[in-house]
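A.B. asks: Take this structure first; my questions come after.
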Amino acid sequence: MSLRLAILVSGRGSNMTAILQAIADRRLDAQVCMVFSNNPDAPALETARSFGVPTAAISHKGLSRAAHEQKVLEVLTPLNVDFVVLAGYMRIVSAEFLRNFSSPDNRYFRVINIHPSLLPAFPGAHGYEDAFAYGAKVSGITVHLVDEHVDHGPILAQMSFARYADDTIDSFKSRGLQLEHKLLPEVLQEIAINGVHFYSRQTEAVSEAELNTIGRTT
Ligand code: GRF
């Protein structure tokens with residue numbers, strides 16, 4: 001199934017670009033209906049337009065979370081997207097917002113986030129910095145479904161990478177970011193082909209076959 005996507009961004013938009021490039025290269029069967037930002041100055045908006053994608057921006061400044069989310073929904077709802085992708089969207093989304101994107105079977109919300117650590121380690125706005133400062137020898141990235149809690153929903157895929165002895169925070173980040181740009185389009189393509197699959201916590205182990213699935217291990 002070709003996926004209808006909306007991408008929410010706040011800044012640079014390199015993950016958004018990775019999605020748009022994967023679509024252009026026919027590695028991802030999807031259409032980006034809208035790139036939305038809470039930051040009207042986000043460089044991502046100009047990049048999205050260069051790919052011919054419609055954009056919208058509504059600043060959250062001076063608005064309550066509920067009032068801002070209402071305006072975002074006015075933009076997103078008519079688009080009838082299959083998934084909303086949070087790609088560097090630096091806003092917490094409320095449970096009320098998420099309920100607008102319930103899956104048909106009500107098992108999850110059709111909202112996906114990419115996070116720069118191996119969750120549940122290092123949630124929050126500074127995943128790379130926190131993992132680096134902690135001295136983690138192995139870190140990684142996580143693509144997950146969004147739930148009511150921050151950086152918490154069901155994990156769809158993770159990739160890990162080593163910290164090298166001579167790493168700086170910049171080299172560490174840039175190694176992780178390269179993996180982000182690979183994994184996010186792959187996970188979306190997996191969903192386009194096979195739908196959403198995730199393990200209920202504490203009830204199912206990951207099978208050997210699953211471990212061999214592209215994108216789930218490094
Ligand atoms: C990425 O590291 C992503 O994991 C995190 O925010 C950053 C966004 O970068 N959620 P970009 O805007 O996609 O370049």
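The values are calculated or read from the model by the stated rules, or taken from the named source; none is laboratory data. Note that this is a predicted model, so its numbers are computed, not measured. All Cβ positions, even for glycine, are placed from backbone atoms using ideal geometry, and neighbour counts span all protein chains on display. For the accessible areas, the whole protein counts, side chains as well, though only heavy atoms, and no ligand, DNA or RNA atoms are used. Shrake-Rupley method; radii C 1.70, N 1.55, O 1.52, S 1.80 Å.
A.B. asks: Sort out which residues of region 1-12 are open to solvent by 10 Å² or more (accessible area, probe 1.4 Å) and not polar (S, T, N, Q), and write them in order of number.
C.D. replies: Correct list: MET1, ARG4, GLY11, ARG12.
A.B. asks: Can SER103 be described as open to solvent by less than 40 Å² (accessible area, probe 1.4 Å), within 22 Å of ALA192 (Cα to Cα), away from the ligand (no atom under 16 Å from the Cβ) and hydroxyl-bearing (Ser, Thr, Tyr)?
C.D. replies: yes
A.B. asks: Quick one: is ASN80 open to solvent by 20 Å² or more (accessible area, probe 1.4 Å) and farther than 21 Å from ILE114 by Cα?
C.D. replies: When the stated conditions are applied, ASN80 passes them.
A.B. asks: Residues in region 10-30 that are more than 6 Å from the ligand (Cβ to nearest atom) and small (Gly, Ala, Ser): how many?
C.D. replies: Of the residues in region 10-30, 5 are more than 6 Å from the ligand (Cβ to nearest atom) and small (Gly, Ala, Ser).
A.B. asks: While we're looking at this one, here's another question. Is there a residue being away from the ligand (no atom under 12 Å from the Cβ) and within 26 Å of ALA192 (Cα to Cα) anywhere in region 129-136?
C.D. replies: Taking every residue of region 129-136 in turn, none turns out to be away from the ligand (no atom under 12 Å from the Cβ) and within 26 Å of ALA192 (Cα to Cα).
A.B. asks: Against the conditions (1) under 27 Å from SER10 (Cα atoms); (2) small (Gly, Ala, Ser); (3) modelled with pLDDT of 95 or more, where does GLY135 fall short? Just the number, please.
C.D. replies: Among (1) under 27 Å from SER10 (Cα atoms); (2) small (Gly, Ala, Ser); (3) modelled with pLDDT of 95 or more, the lone unmet condition for GLY135 is (1).
A.B. asks: Next question. Among the residues of region 115-124, which ones are away from the ligand (no atom under 12 Å from the Cβ) and either in contact with a His (Cβ under 8 Å, 6 or more places away or on another chain) or open to solvent by 60 Å² or more (accessible area, probe 1.4 Å) (or both)?
C.D. replies: Matches in region 115-124: PRO120 only.
For every residue, the table says whether it meets (1) under 22 Å from SER171 (Cβ atoms); (2) within 16 Å of the ligand (Cβ to nearest atom); (3) exposed (fewer than 15 other Cβ atoms within 10 Å of the Cβ); (4) not assigned by TED's automatic domain parsing to the domain that holds VAL32.
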{"position": "HIS60", "(1), (2), (3), (4)": "no, no, no, no"}
{"position": "HIS68", "(1), (2), (3), (4)": "no, no, no, no"}
{"position": "LEU76", "(1), (2), (3), (4)": "no, no, no, no"}
{"position": "SER94", "(1), (2), (3), (4)": "no, no, yes, no"}
{"position": "HIS126", "(1), (2), (3), (4)": "yes, yes, yes, yes"}
{"position": "THR142", "(1), (2), (3), (4)": "yes, yes, no, yes"}
